[in-house]
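The structure under discussion appears below in the form of structure tokens.
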Amino acid sequence: MTATGNSAPLVFTSGGLDRAGDLRSDPNWLAARRADSRARILLFSQLKPLLSGAEGAAETALRFLSRADANRLGGADADEVFLGLDGETAYFARDVSASGNEVAKLGVEAHFHDARAALDLLPISETAIMGQAKALIDWHQRHRFCSTCGAKTAMEDGGYRRHCGPCGANHFPRTDPAAIMLVVRGENCLLARNRRFGVAHNHSALAGFLEPGESIEDCVRREVFEEVGIRVGAVRYSASQPWPFPSSLMLGCIAEAISSEIRVDGSEIVSARWFERETIRRMLAGEEIGGVKLPRPVAIAWHLIRTWAEG
Ligand SMILES: [Zn+2]
């Protein structure tokens, strides 16, 4: 599925690998891919991916390694998650946090880099691979034991399942759906400042996690009313974006308001106000108006705002 209409591609959504979901559950097939000399491995240390070049470069790329090179940082017997295929080349990711992060041992110029900050440095086609790898490695780190019986579990299916031998339970990597919604009414949209944004003048769309048994539309209406006291009628899905911090899936929506009086909750949302479409267009063009800062283009919120402003 493409992103938001005429907008540029969203980070974490473009250029991913062929996940070979029909093949990766075959242990023999997976072992052959691991043993293949063409296999390439992306290392992570403390959830930071290995990037090419020296720290501080304005642009870089994921640094995939041969198995021989990857083993120089240890973890040769460690579990690896299978990321997918690009032609005949199989891609894997390995966590080397426990075995060391002395990049100098690799003999190539590379460094571990904060994953969120890397979004500004990587080609967009690589952000999906990084996001997939980070979300999987993070999940495996935090789910070593069975939530049913407490026994140690084992990685299966190239990292898309953990199995508990003693009780037979299967556990699957989790994705947490969150709705992110631009509330609109006629020629106005509502942007809010979240307490988490700190003291900056950042304003963005509202967002919240879906609760069990809740539709996306119900979640949008509940969150908007809780956070700013506005009643929402029609909800239109726009686009989605994986956000692996640690495992969210942002479901971008346009929410049609049927009331306009704002009452911020005061806990999560510090302030909220209506902005005219023309004002948003000028801000998107780079004009600073009232010190308000819009979200960065890596966020789906920016794409929702732009899609509406240009509509
Ligand atoms: Zn168990």
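Bear in mind that the values in this text are calculations on the coordinates, not laboratory data. Quantities reported herein were computed from a predicted structural model and do not represent experimental measurements. Note that each Cβ is placed from the backbone with ideal geometry, even for glycine, and that neighbours are counted across all protein chains shown.
Per residue of the chain, what 222 nm ellipticity follows from adding -39500 (n - 2.57) for every DSSP H run with n ≥ 4, rounded to the nearest 500?
It lands at -6500 deg cm²/dmol.
In nanometres, what is the gap between the two model label sites at LYS293 and ALA117, each 7 Å from Cα along Cα-to-Cβ?
1.6
Roughly how many Å is it from the Cα centre of the stretch 24-43 to that of the stretch 87-160, as a whole number?
Distance between centres, Cα-based: 15 Å.
State, as an integer percentage, the relative contact order of the stretch 68-158 based on alpha-carbon contacts under 8 Å between residues 6 or more apart.
Value for the stretch 68-158: 27 percent.
Rounded to two decimals, what is Rg over Rh for the stretch 29-86 when you use alpha-carbon atoms and the Kirkwood radius? Kindly include the intermediate steps, with their values, before the conclusion.
Working: Rg = 12.4 Å, Rh = 12.7 Å.
My calculation puts Rg/Rh at 0.98.
Just the number, please: percent antiparallel of the DSSP beta bridges in the chain, rounded to the nearest 5.
On the way: 43 of 58 bridges.
In the chain, approximately 75 percent of DSSP beta bridges are antiparallel ones.
When N is the residue count of the chain, what does its C-alpha Rg come to as a fraction of 2.2 N^0.38 Å?
Relative to the 2.2 N^0.38 Å estimate, the chain comes out at 1.12.
Across bins of 5 angstrom width beginning at 0, how are the C-alpha pair distances of the stretch 198-287 distributed, in whole percent?
Taking all Cα pairs of the stretch 198-287, the binned fractions are 3, 12, 19, 22, 23, 16, 5, 1, 0 percent.
Please find the FRET efficiency linking ASP22 to PHE197, where r is the Cβ-Cβ separation and R0 is fixed at 51 Å, and quote it to the nearest 0.05.
0.75
With r defined as the distance between the Cβ atoms of ARG174 and ALA285 and R0 fixed at 45 Å, what FRET efficiency is calculated, to the nearest 0.05?
Calculated value: 0.70.
Using Cα pairs under 8 angstrom and six or more residues apart, how large is the relative contact order of the stretch 104-195, in percent?
Averaging sequence separation for qualifying contacts and normalising by length gives 14 percent for the stretch 104-195.
Order these by the 10 Å Cβ neighbour count, fewest first: SER240, SER99, SER25.
Neighbour counts put them in this order, fewest first: SER25, SER99, SER240.
What is the fewest-to-most order of LYS134, LYS105, LYS293, LYS48 by other Cβ atoms lying within 10 Å of their Cβ?
Ranking LYS134, LYS105, LYS293, LYS48 by Cβ neighbours within 10 Å, fewest first, gives LYS105, LYS293, LYS48, LYS134.
Please compute the contact order of the stretch 199-298 in relative form: average sequence separation of alpha-carbon pairs under 8 Å and at least six residues apart, divided by the residue count, as a percent.
27
What is the diffusion coefficient of the stretch 13-113 in µm²/s, taking the Kirkwood radius over Cα pairs and the Stokes-Einstein relation at 20 °C with a viscosity of 1.002 mPa s?
Here the translational diffusion coefficient equals 152 µm²/s.
Over the stretch 8-109, what is the percentage of antiparallel beta bridges among all DSSP beta bridges, to the nearest 5?
Details: 10 of 15 bridges.
Percentage antiparallel, nearest 5: 65.
Nearest 10 degrees is fine. How inclined is helix 300-310 to the longest principal axis of the chain, computing both from alpha carbons?
Approximately 40 degrees, to the nearest ten.
Please check which bits of the stretch 47-62 a label hung off ALA104 would reach, taking the label as a point 7 Å along Cα-to-C-beta and the cut-off as backbone N under 16 Å.
54-55
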